[in-house]
Amino acid sequence: MSRTPRVILSLSVVAVALALISIAVGAYTLSLPDLMATLFGGGTPSDRFIVLKLRLPRVLLAVLVSIGFGLAGALFQSLLRNALASPDIIGISGGASVAAVLSLLVFGATGLVVPLSALLGALVVAFTIYLLSWRSGMNGMRFVLIGVGIAFMAQAVLGYLITRGDVRDAQQALVWMVGGLGGSSWGDILIMAVSLAVLLPAVVVLAAKLRMLQLGDDLAAGLGVSVQRSRLALIVVAVALVAIATALVGPLAFVAFVSAPIARRLVGGGGLALVPSALVAIVLVLGSDFVAQHLIATGAQVPTGIVTGIVGAPYLLWLISTTNREGRAS
Amino acid sequence: MTQADVPRRPAHELRADSVTLNYGGRDIVSNLSVTIPDGKVTVIVGANACGKSTLLRGLSRLLRPASGHVMLDGRDIHSVPSKEVARVVGILPQSPIAPEGITVRDLVARGRYPHQGWFQQWSAADDAAVEHALVATDTAELASRRIEELSGGQRQRVWIAMALSQDPDILLLDEPTTFLDVRHQLDALDVLAALNRERGTTIVMVLHELNLAARYADHMVLMGEGQIIAEGTPAEVVTAARMREAFGLEAQIISDPVSHSPMVIPVGRA
């Protein structure tokens with residue numbers, strides 16, 4: 001436990017540094033004093049335009065959705081006691097994407113309807129998996145396997161919708177497939193901020209119950225947790241976190257999946273590591289977005305989700321191989 | 001904490017009133033009534049699949065009876081808020097799960113959950129309970145180790161420590177000695193016997209090993225096919241005729257030279 005405050009502090013410092021760099025650096029780079037002046041209400045009109053209209057919204061949205069992705073992954077992985085059980089692997093982000101794209105392209109929805117559709121789609125997927133995997137008890141592995149199947153289905157439906165729909169813009173289509181921060185607006189930021197304001201207190205209350213559920217259903221029930229109700233509430237909250245984030249920026253590949261395992265490795269000690277997971281997600285997304293914008297030099301911008309995927313996939317391999325080694329040792 | 005300032009437990013009544021318990025539509029325990037003697041060590045024994053673990057699940061409100069009631073202090077246990085039950089009744093199931101990487105102290109501390117409210121943070125009483133649990137189970141020197149690093153015997157003592165930190169007046173345990181060698185079986189049972197003796201905690205456990213059951217039990221419940229065949233002191237319950245009835249076992253009963261409890265010497269199949 002003693003490592004947690006240090007890890008939180010270090011990750012916060014890295015996150016703030018990355019945020020400042022992301023806002024300052026670009027085709028037009030601001031000096032640190034100019035940046036600070038602009039952020040705190042001063043600055044030239046052109047600096048103000050670049051910072052407040054172009055770069056700050058992108059960074060703020062990146063931070064807020066990362067909290068959603070990081071927490072959702074941590075909650076799902078602990079709840080199902082399975083490191084593979086993150087919403088992007090088991091099709092819940094996919095369900096959100098499909099529903100968001102469906103509402104946008106087929107029904108011409110705008111504004112709040114899109115994230116609400118994503119939420120609905122993700123909930124439908126989550127409870128479909130829940131019902132299909134239920135056999136007089138909850139089995140994490142069965143949940144994951146059914147979820148992986150559903151993730152492929154969601155990907156197929158998404159591909160179909162995008163080809164059938166009138167998406168001329170390949171960039172936009174890619175955002176729905178892998179996620180990107182290109183279209184960040186203050187409206188999106190408001191939606192995510194309000195969602196977090198509602199969902200984070202629920203996470204705080206449910207975290208205590210989740211710590212008991214980690215010990216197995218029987219022990220949790222014996223300690224006074226109403227197992228079914230708590231699990232249901234946790235699923236709804238985690239699904240909402242990931243679905244709303246996905247509706248705004250797409251499924252940012254692997255962020256939900258890798259953040260909690262990295263955070264737990266840094267912290268150690270078998271806790272939920274919720275705050276560190278959210279911070280790792282922020283660092284990962286800000287770093288990946290910076291790479292996507294500035295370090296991969298192509299004509300068109302690379303969606304952020306491509307870079308998180310490049311970071312996440314090798315990490316998955318490393319994680320699996322080291323976990324096996326430790327598994328044999330114990 | 002010294003023995004003198006450890007208060008004796010308040011008295012409780014836990015009983016099953018004509019309960020029928022089923023899994024997947026099949027009655028495992030049918031129309032069974034039993035009262036758990038307060039402040040005693042009760043051991044439930046019986047052949048495999050006789051319903052002894054199911055009865056324990058029923059008594060600990062993990063399994064809701066299909067009919068009948070489990071009563072705790074005169075109230076149906078399912079009508080009492082679960083956290084309130086957890087402050088009186090503790091249950092250590094057969095295969096609890098330790099989160100990967102958790103330390104002994106953190107695991108034991110999780111037993112304090114029923115004593116914490118929504119906003120009430122960790123208190124000095126919580127610390128004291130955890131310390132006491134670690135000392136009572138002889139796991140204090142393991143406190144900062146990770147569970148994965150421990151032997152089976154140490155691990156089982158840690159789980160018992162977690163149940164102790166919950167500080168229940170009645171502690172139910174489902175085969176707490178499974179997978180332990182004989183010395184570690186005795187270690188675990190001695191911890192529980194001491195808990196009963198020093199603090200008056202009521203212990204109810206399912207055990208496989210008949211001779212250990214007879215040695216540690218004040219009260220024995222012998223089950224067969226979802227019913228109670230006999231209950232009483234070990235001397236009353238462990239008889240040649242009953243062993244034949246419950247286990248289909250031809251056995252001689254002698255007096256255990258160490259504890260003078262009845263001891264089963266198997267002869268063969270009845």
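The values are calculated or read from the model by the stated rules, or taken from the named source; none is laboratory data. Being a predicted model, the structure only gives us computed values, none of them experimental. Counting neighbours? That spans all protein chains shown, and the Cβs are built from the backbone with ideal geometry, glycine included.
Here are a few things to note about the model shown:
- Residues of segment A:271-311 satisfying the condition of being in contact with a Phe, Trp or Tyr (Cβ under 8 Å, 6 or more places away or on another chain) and among the small types (Gly, Ala, Ser): A:Ala281, A:Gly309
- Scanning segment B:202-214 for residues that are surrounded by fewer than 23 Cβ atoms within 10 Å (Cβ to Cβ), within 15 Å of the chain's Cα centre (by Cα) and either touching a residue at least 40 places away in the same chain (Cβ under 8 Å) or under 19 Å from B:Ser165 (Cβ atoms) (or both) returns a single hit, B:His208.
- Set B:Ala241, B:Ala230, B:Ala217: member being without any contact (Cβ under 8 Å) to a residue 40 or more places away in the chain, farther than 18 Å from B:Thr54 by Cα and of a type in the set (A, V, I, L, M, F, W, C): B:Ala241
- Some residue of segment A:75-88 being modelled with pLDDT of 95 or more, closer than 20 Å to A:Leu18 by Cβ and buried (at least 22 other Cβ atoms within 10 Å of the Cβ): no
- Condition met for B:Gly117 (surrounded by 15 or more Cβ atoms within 10 Å (Cβ to Cβ) and either small (Gly, Ala, Ser) or at pLDDT below 95 (or both)): no
- Among the residues of this structure, A:Ile235 does not count as one that is within 14 Å of another protein chain (Cβ to nearest Cβ), part of a helix (DSSP H, G or I) and in contact with a helix residue (DSSP H, G or I) (Cβ under 8 Å, 6 or more places away or on another chain).
- Among the residues of segment B:100-109, just one is of a type outside the set (A, V, I, L, M, F, W, C), within 13 Å of B:Arg155 (Cα to Cα) and facing another protein chain (nearest Cβ under 8 Å), namely B:Thr103.
- Pairs with Cβ under 7 Å, 6+ apart, first in segment A:199-211 and within 11 Å of chain B (Cβ to nearest Cβ), second among the small types (Gly, Ala, Ser) and in a helix (DSSP H, G or I): A:Lys209/A:Ser230; A:Leu210/A:Ser78
- Segment A:182-220 - residue that is touching a Pro at 6+ places or on another chain (Cβ under 9 Å), assigned to a helix (DSSP H, G or I) and hydrophobic (A, V, I, L, M, F, W, C) and, of those, farthest from A:Val114 (Cα to Cα): A:Leu219
- Of the residues in segment B:186-194, none is of a type in the set (Gly, Ala, Ser), over 19 Å from the mean Cα position of the chain (by Cα) and in a helix (DSSP H, G or I).
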